[in-house]
Each structure stands twice: as structure tokens, then as C-alpha cells.
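Student: This structure is in C-alpha cells; I'll ask about it shortly.
The values are calculated or read from the model by the stated rules, or taken from the named source; none is laboratory data. Note that the structure is predicted; figures quoted are calculated from it, not measured. Reconstructed Cβ throughout: ideal geometry from the backbone, glycine too, with neighbour counts over all protein chains shown.
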Amino acid sequence: MRFAVTSQEMKICDRNTAEYFGIGTAVLMERASLAIADEIIKWKESRGADRQYSVLVLAGVGNNGGDGVCAGRILAQKNFNVTNCVIGNMTKCSDLMLKQLSIAGNYAVPSDTFSNIRDNKRPSDFDIIIDAMFGIGLSRPLTGDSLEAVSFIEKCKKERGSDLLVISVDIPSGINADNGQVMGNAVKADKTVTFNFTKLGHLFYPGCEYSGEVIIRDVGITIAGFLDRTPGFIWYDGEPAGLLPERKKDGNKGTNGKVLIVAGSKDISGACILSASAALRTGAGMVRIFTASENAEAVKTLLPEALLDVYEDFEPIEDKLGAACKWSTQAVLGPGIGTLGKGRELVSNMLRDYDKSLVVDADALNLIAEDSELMELAGNYCTDGKKMILTPHLGEFARLFNCSVKECKEHITQYPAELAKRMHATVICKDARSIVADGNEKRSYINVSGNDGMATAGSGDVLSGVLGALLNDEMTGFEVACAGVYIHGRAGDAAAEKLGKYAVAATDIVEAISKVLH
């Protein structure tokens, strides 16, 4: 797992590195600038062109601008043709920015005004543009010359295409470092060089798209710089196997998990099949589907590996469900059960009587959200070592949390943790970047796997099955949820790579699970 930090967390770490540990900000700036210059030199060498490359440094008046000017000076010493351009009021330059401009002048690195560059320079005059206008502290929309500078970069990129490298220092100017939102307009970088820790704005949309390739370079700011605090967010981009316990070589179908899937209704058969199929593909030893009798033939035909219990609309379900629950070691509740008919009865029975760990999804979440009795049962579920994972998409989350979808979207870094504490459970708030929070964890997880091709019917049912298979005693609910959403997303990525995003269906995601877990 890697840390992802807010702008405030990064500022605290920077300050502690300088003031508590004694590594001066000027030293950190030189290291950062060497890293930026190194990435530019590698890009030039990859192109194999034997000529002098021209660099435009668009530098703000703060220390981010100082990073850019310093990197430009290093490149000038490596035979790049560098021009510095300060964007902003020179009287407001930070001390380090003024120092870097002075050093650049000592090395005869020329400076120019933005108005002259905008009015008299052609896109072909530059091979590389270093965006060092604003760093992680930006909290207002771009205006004036900085806004015009973004348009100038866009104009150059439109004409030069891949022949022009746009590289941002720390984060593209105009992107909010804490949520990835565009502040009016923003630089769209080919590469972003950031230092030691990913920022939230690099991970969330649309900031992740504006950042291009994010390159994390070590400049000596370590986790020790947080002192007694730790960052509030983590993320992962390694192999899925790194999130899972080693499978026991002497295990059998019983010890590998007996997953009960309480899903489907008389009008919906696909949900239980998708969830059960995903559980089997994710390593469950046995799967038992508890569903409406109308789904029996579909299950027998499409998923012969699954055991099957069915109920009629007119009959009590308590005894049949109780037997299935006793057989199981973990369960999934909710996909396709409906909010009418037997839906509430199924949810009430499971929340009241089930004595093992549980994934709660889809219709079960909506039933809980609208019923105070079910909400109380859910909030008190996690006792005696039981785990519960709730998997709402934004609409379901808004109903559970009693807020609007817009509010949920705006506060997605905070609200899941609040709901997890309220429910004493693990919560996966599903979005383009899903957030995992747990009432017992200090940090939340940001999932970066997956793609927009997964926005298709049944994708959530697949996730519920993946989680059901992983819900074992060796992992905490938080660990299960982090691994589950990551595997689900990687399977979606594999399916999209094979078929194209437009063609991905939920069954394709199920089939791709085996590819990412092989």
C-alpha cells in the first residue's frame, strides 16, 4: 500500500522535514529540481534527436515556481536552451523563488515576459514546457496571466502534439490537490513529477487525467516527517496477489469458504448468478444460492457448480434460510432481491439471525435505508467478531447517509468514514474512484483500478461475489474490501483491454477474474 496525502498533510511533512529534522527547504528544492530535470533528460534521450532542445519554464511566484526555475537552470547546464517566464506579481515572490531567479541569472539563463512570449513566440519555438505556476496550495480558480498561460500551453500542444512535452511540477496548475477538481481551467500535462507521496488530486477524476503519467521521485521527505500523524489515505497499484493471504496447499472445498448468496427474485435471475459466479472465480470452495423458485432452471443451466435453495412467494422462509445460513461460513445479501415481496423479510432475517460475516449490497441497502428497524439491526450487526461490508453506489450511499448525491460526491473523502463509524462496519462507496472506509481504521483506501466500461448492469453484483469469497477469518473487513474492489477493477481492466470499453458486460468481468488472479 502507498500513502496518498492532502495538501495540508504535505505542508506539515515539508515543514517538519525542514524545521524538526533540519533538512533545509533549499536542499529539498534542489533535489526536486534535479528529479524534474532528470525526467526531461530521459524523455529527450528516448526520442533520439541529436539537437538542442528548447525549454520554456512558466513559473509562479511561490516555491513551486522556484522548483521550475531551478530545474531550468540545471537543464541549461546540460545544453538545453532555457527561457524563464514568471507568471504573477514579482513583488510577491517567495525568498527561495527570488534566490533561484538570481542563481539562474548568474548562469545567464534568460527571462522573458509572458506578454512577449504569448504575442511573439510560436508553438514550434519550444520542445518542452515546464508548468511550475502553482503547486498543491491552489484553492481558487486561475485568473489573469495564469489562465492565459494555460490557453497558450493548449495552443502549443494542439499544434505540436507528441513533439511537445508538457511536464508539471508536483501537480498540474489549476488542479485542486485535495479532490482533483479543475479550478476554472488547468494544465493538461503529459507527465507530472511529484515528490515522495501521491496527492489526492493525482488519483481523483478529473485530476488524474490532467496529470498524465505521475512520476513519484524521492527527494528525502519521508514518512518520519509526519511525526505523530499518519496520512489519512492509502492506495495500491501492485499485483492482486499482494493483497491476499497465501492459499493453503492442504485446503479443501470446505476450508476454502462456503459462501451463501441470498440474491435474486422472481423477476430477476441474473444477479444471483453473477454474484455466485464471481465468488467461485475468486476462490470460494463452495457456493449456495438462496433465491426465488422462478430462478431455479436458470441457475441449474448456467451455474451447475452452485448448490441451490429456492423459496416460493407465499411460503415462510425462516427455516429454509436458517438451514442455508448454518451451512455457510460467510454470506452475500441483496443483489436483485427487490424492495417488495420477500426482500424485507430476507434482510430482516439475515441481520437478526445470521451469526457470520456478511456482505450487504444493492436492494438490501435500500431496504435498510428506508426502515429504522433494519437500520438499527445493521448498525448493531458487527458483534462477536462478525464483519459486515456495505457496498453502496452514490445513490444508495446518499439514502443511507441521508444526504444528496451531489453532497456525497463533494465529500467522498469524508462521508464514507463517517458512515463506517456510524454503522460500525466497512463501507465501500462505489464511484469512478471507490473509497473504502472502516469504523476501526484510521485511514481510508482509494481504489485506482477499473474503468468506465464497468459502468454496466450487473457489475456491482460481480463485486459482491468477489467480496463474499474473500470474507474469511484471515483478513479484516477493511482488507477484504480493499482487495475486493481492486481485484474487481483489475478484472474490468482486463475485460476492457480484450473487448474494448463499450463492449464490456458483467459476465466479461467475471471471466476476467481468473486472468488477474492466475
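Student: Condition first: closer than 22 Å to Ile435 by Cα and free of Cβ contacts under 8 Å to residues at least 60 places away in the same chain. Now tell me which residues in the range 219-251 satisfy that.
Tutor: Hits for the range 219-251 are Gly238, Glu239, Gly242.
Student: Within the range 138-250, considering only strands (runs of 3 or more DSSP E) that don't extend past its boundaries, which have at least 1 residues that are under 18 Å from Val448 (Cα atoms), under 22 Å from the mean Cα position of the chain (by Cα) and of a type in the set (Val, Ile, Thr)?
Tutor: Of the strands (runs of 3 or more DSSP E) lying wholly inside the range 138-250, those with at least 1 residues that are under 18 Å from Val448 (Cα atoms), under 22 Å from the mean Cα position of the chain (by Cα) and of a type in the set (Val, Ile, Thr) span 191-195, 213-217, 233-235.
Student: Now for a different question. Right, Leu471: assigned by TED's automatic domain parsing to the domain that holds Val332 and farther than 25 Å from Arg247 by Cβ or not?
Tutor: Values: assigned by TED's automatic domain parsing to the domain that holds Val332: yes; farther than 25 Å from Arg247 by Cβ: no.
Considered against the rule, which asks whether it is assigned by TED's automatic domain parsing to the domain that holds Val332 and farther than 25 Å from Arg247 by Cβ, Leu471 comes out as no.
Student: Quick one: which of Pro304, Pro316 is modelled with pLDDT of 95 or more and assigned by TED's automatic domain parsing to the domain that holds Asn472?
Tutor: Pro304
Student: Going by what's in this entry, would Met29 be described as within 28 Å of the chain's Cα centre (by Cα), part of a helix (DSSP H, G or I), at pLDDT 95 or above and crowded, with 21+ Cβ neighbours inside 10 Å? Full working, then the answer.
Tutor: Numbers: within 28 Å of the chain's Cα centre (by Cα): no; part of a helix (DSSP H, G or I): yes; at pLDDT 95 or above: yes; crowded, with 21+ Cβ neighbours inside 10 Å: yes.
In short, no.
Student: Here is a further query. Which of the residues that make up the range 291-309 are hydroxyl-bearing (Ser, Thr, Tyr) and surrounded by fewer than 16 Cβ atoms within 10 Å (Cβ to Cβ)?
Tutor: Within the range 291-309, Ser293, Thr301 meet the criteria.
Student: Restricting to the range 39-92, and then to whatever is of a type in the set (D, E, K, R) and part of a helix (DSSP H, G or I), can you tell me which residue is surrounded by the most Cβ atoms within 10 Å (Cβ to Cβ)?
Tutor: For the range 39-92, the residue satisfying everything is Asp67.
Student: Here is a follow-up. Gln77 versus (1) closer than 22 Å to Asp145 by Cα; (2) at pLDDT 95 or above; (3) of a type outside the set (A, V, I, L, M, F, W, C): which is the lone unmet condition?
Tutor: Looking at each condition in turn, Gln77 falls short on (1).
Student: Please verify whether Ile216 is aliphatic (A, V, I, L, M), surrounded by fewer than 19 Cβ atoms within 10 Å (Cβ to Cβ) and either modelled with pLDDT of 95 or more or in contact with a Leu (Cβ under 6 Å, 6 or more places away or on another chain) (or both), treating the condition exactly as stated. Explain how you work it out, then say what you get.
Tutor: Working: aliphatic (A, V, I, L, M): yes; surrounded by fewer than 19 Cβ atoms within 10 Å (Cβ to Cβ): yes; either modelled with pLDDT of 95 or more or in contact with a Leu (Cβ under 6 Å, 6 or more places away or on another chain) (or both): yes.
Against the criterion (aliphatic (A, V, I, L, M), surrounded by fewer than 19 Cβ atoms within 10 Å (Cβ to Cβ) and either modelled with pLDDT of 95 or more or in contact with a Leu (Cβ under 6 Å, 6 or more places away or on another chain) (or both)), Ile216 qualifies.
Student: Name every residue in the range 107-134 that is of a type in the set (A, V, I, L, M) and surrounded by 12 or more Cβ atoms within 10 Å (Cβ to Cβ), in order of residue number.
Tutor: Val109, Ile117, Ile128, Ile129, Ile130, Ala132, Met133
Student: Name every residue in the range 310-333 that is crowded, with 17+ Cβ neighbours inside 10 Å, touching a Lys or Arg at 6+ places or on another chain (Cβ under 8 Å) and within 24 Å of Lys386 (Cα to Cα), in order of residue number.
Tutor: Ile317, Ala324, Cys325, Ser328, Thr329, Gln330, Ala331
Student: Next question, about the same structure. Among the listed residues Thr282, Thr301, identify the single one that is polar (S, T, N, Q), over 30 Å from the mean Cα position of the chain (by Cα) and within 23 Å of Ser459 (Cβ to Cβ).
Tutor: Every option except Thr301 fails the conditions.
Student: Go through (1) surrounded by fewer than 21 Cβ atoms within 10 Å (Cβ to Cβ); (2) over 27 Å from the mean Cα position of the chain (by Cα); (3) at pLDDT 95 or above for Val347 and report which single condition fails.
Tutor: (1)
Student: Criterion first (among the basic types (Lys, Arg), modelled with pLDDT of 95 or more and surrounded by 13 or more Cβ atoms within 10 Å (Cβ to Cβ)) does Lys99 satisfy it?
Tutor: For Lys99, the condition - among the basic types (Lys, Arg), modelled with pLDDT of 95 or more and surrounded by 13 or more Cβ atoms within 10 Å (Cβ to Cβ) - is met.
Student: I would also like to ask the following. So which residues in the range 251-271 are surrounded by fewer than 19 Cβ atoms within 10 Å (Cβ to Cβ) and either in a helix (DSSP H, G or I) or of a type outside the set (D, E, K, R) (or both)?
Tutor: Correct list: Gly251, Asn252, Gly254, Thr255, Asn256.
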